[in-house]
Amino acid sequence: SVYIMKYCGIELKGDEARVISVVTKGESYSVVLSSVDRFKIKDPSSQQEIQSFAAAFEKYLTAGHFDAIGIKGRMTKGRFAGGSTSFKMEGIIQCMPFSISIINPATIRSKLKDTELDLAGCKEYQIEALKVVLTMMVLPT
């Protein structure tokens with residue numbers, strides 16, 4: 001029997017969390033279409049906005065019943081460092097009652113270097129989140 005798993009990939013970019021939900025059957029996968037595929041924080045200094053981001057995101061993760069959740073890591077220093085809002089979002093998401101992995105971009109590159117991406121059902125801005133999922137699929141658990 002083929003084991004079916006449901007993954008959530010997350011890319012934090014600027015003031016938004018881009019998410020993708022993917023179901024895998026063995027080696028094959030398909031993107032689960034969702035009415036929500038990004039969450040924004042317009043004003044990171046507003047407690048109300050942070051709380052509503054957290055509530056909406058936790059609702060999404062709870063409803064998704066994911067077997068694995070991964071966030072694409074960002075550099076903390078240097079020219080390509082992630083912005084402060086993205087780290088704030090990461091902290092909020094990590095506080096949620098789910099097991100969440102941070103996947104290093106170098107790991108993503110090395111694991112997927114010979115992989116042909118099937119982008120069916122994946123929007124342009126979800127590609128990095130999809131790569132997180134595909135990396136989790138091939139990582140030893």
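See the values below:
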quantity: K123 in contact with an Asp or Glu (Cβ under 8 Å, 6 or more places away or on another chain), open to solvent by 70 Å² or more (accessible area, probe 1.4 Å) and closer than 23 Å to S21 by Cβ; calculated: yes
quantity: In the range 12-39, the residues that are closer than 25 Å to T76 by Cα, touching a strand residue (DSSP E or B) at 6+ places or on another chain (Cβ under 6 Å) and open to solvent by 30 Å² or more (accessible area, probe 1.4 Å); calculated: D15, R18, R38
quantity: Scan of the range 57-78 for residues that are under 19 Å from G14 (Cβ atoms) and hydrophobic (A, V, I, L, M, F, W, C), ordered by number; calculated: F57, I71, M75
quantity: Selection count where residues are closer than 24 Å to K131 by Cα and either in contact (Cβ under 8 Å) with a residue 24 or more places away in the chain or open to solvent by 50 Å² or more (accessible area, probe 1.4 Å) (or both), scope the range 40-67; calculated: 15
quantity: Given (1) under 25 Å from A56 (Cα atoms); (2) in contact with a Leu (Cβ under 9 Å, 6 or more places away or on another chain); (3) surrounded by fewer than 17 Cβ atoms within 10 Å (Cβ to Cβ); (4) modelled with pLDDT under 95, index of the condition F98 fails; calculated: (4)
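The values are calculated or read from the model by the stated rules, or taken from the named source; none is laboratory data. Everything numeric in this text was worked out from a predicted model, so none of it was measured. FYI the Cβ positions are ideal-geometry reconstructions off the backbone, even for glycines, and counts take in every protein chain you see. Protein only, heavy atoms only, side chains kept; ligands, DNA and RNA dropped before computing areas. Shrake-Rupley method; radii C 1.70, N 1.55, O 1.52, S 1.80 Å.
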